[in-house]
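The values are calculated or read from the model by the stated rules, or taken from the named source; none is laboratory data. Bear in mind the structure is a predicted one, so any value in this text is a computation, not a measurement. With ideal geometry, Cβ positions are generated from the backbone for all residues, glycine too; neighbour counts draw on all protein chains shown. Just the protein is used for accessible areas: all its heavy atoms, side chains included, with ligands, DNA and RNA removed. Shrake-Rupley method; radii C 1.70, N 1.55, O 1.52, S 1.80 Å.
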Amino acid sequence: AQWTNQQAAWGTDENHLTSVGTLSQAAEAEDGQYIKVLNDCSITDTVYIDKDVTLDLNGKTVTEGNNIYQIFYVKSGTLTLTDSAGGAKVECLGENSGECIYVSSGAKLTIHGGRFYSATGSVFQTDSGTEALITGGDFSTSHNYVVGNDGKLTVSGGNFTAGKWFAI
């Protein structure tokens, strides 16, 4: 009940969540933090990742608000996405939205689960010099390509559905 209106809790691991606040505040925490999404939320400013973090979507829905271009922008470090509860969604629904996740040169992305959808952009885009690993999840777009990849991409699981262009 104490975390009803909070977007996320974070700490050293899933059993030691010591802080609560917005996803942006969680992303500013120390390197190596475990972040758990607590409630469905609309992100109105891009969440920048510049260190190693694990983000447990925890069965919640994260959508972009205010037509921001990306929900998550991984500048450096590694963003690892999991879904401990099942049924989580990351959705870019705005008519001008870009990627749900953008991975900058030198950064890494690992996705183990969740549903990712973009209405107009790609689900995620990687720059040259990046690494992305997908072991599970559902990825779809109704307009663009699902994954725009200029780096190293390893796929060992997941479902990909492109509405107009190519999936990967």
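Below is a table of values for the structure above.
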{"quantity": "The one condition in (1) in contact with a Phe, Trp or Tyr (Cβ under 9 Å, 6 or more places away or on another chain); (2) at positive phi; (3) not hydroxyl-bearing (Ser, Thr, Tyr) that Val90 fails to fulfil", "calculated": "(2)"}
{"quantity": "Check on Tyr102, open to solvent by less than 60 Å² (accessible area, probe 1.4 Å) and not aliphatic (A, V, I, L, M)", "calculated": "yes"}
{"quantity": "Selection status of Phe116, hydrophobic (A, V, I, L, M, F, W, C), closer than 15 Å to Thr141 by Cβ and modelled with pLDDT of 90 or more", "calculated": "yes"}
{"quantity": "Subset tally (residues that are touching a residue at least 40 places away in the same chain (Cβ under 8 Å) and surrounded by fewer than 22 Cβ atoms within 10 Å (Cβ to Cβ)) for segment 21-57", "calculated": "1"}
{"quantity": "Pick from segment 6-20, criterion of a type outside the set (Ser, Thr, Tyr) and without any contact (Cβ under 8 Å) to a residue 24 or more places away in the chain, ranking: least open to solvent (accessible area, probe 1.4 Å)", "calculated": "Gly11"}
{"quantity": "Subset of segment 70-81 [more than 15 Å from Phe139 (Cβ to Cβ) and either open to solvent by less than 10 Å² (accessible area, probe 1.4 Å) or touching a residue at least 60 places away in the same chain (Cβ under 8 Å) (or both)]", "calculated": "Val74, Leu79"}
{"quantity": "Boolean, Leu93 is more than 21 Å from Glu14 (Cα to Cα), touching a residue at least 12 places away in the same chain (Cβ under 8 Å) and of a type outside the set (S, T, N, Q)", "calculated": "yes"}
{"quantity": "Lone unmet requirement of (1) open to solvent by 50 Å² or more (accessible area, probe 1.4 Å); (2) within 11 Å of the chain's Cα centre (by Cα); (3) on the phi > 0 side of the Ramachandran plot for Arg115", "calculated": "(3)"}
{"quantity": "Extreme residue, surrounded by the fewest Cβ atoms within 10 Å (Cβ to Cβ), among residues of segment 118-141 that are within 20 Å of Val62 (Cα to Cα) and hydrophobic (A, V, I, L, M, F, W, C)", "calculated": "Ala119"}
{"quantity": "Of all residues in segment 144-163 being in contact with a Phe, Trp or Tyr (Cβ under 8 Å, 6 or more places away or on another chain) and open to solvent by 60 Å² or more (accessible area, probe 1.4 Å), the one that is farthest from Leu57 (Cα to Cα)", "calculated": "Thr161"}
{"quantity": "Residue under evaluation Ser84, criteria (1) closer than 19 Å to Leu133 by Cβ; (2) free of Cβ contacts under 8 Å to residues at least 60 places away in the same chain; (3) open to solvent by 60 Å² or more (accessible area, probe 1.4 Å), criterion not met", "calculated": "(2)"}
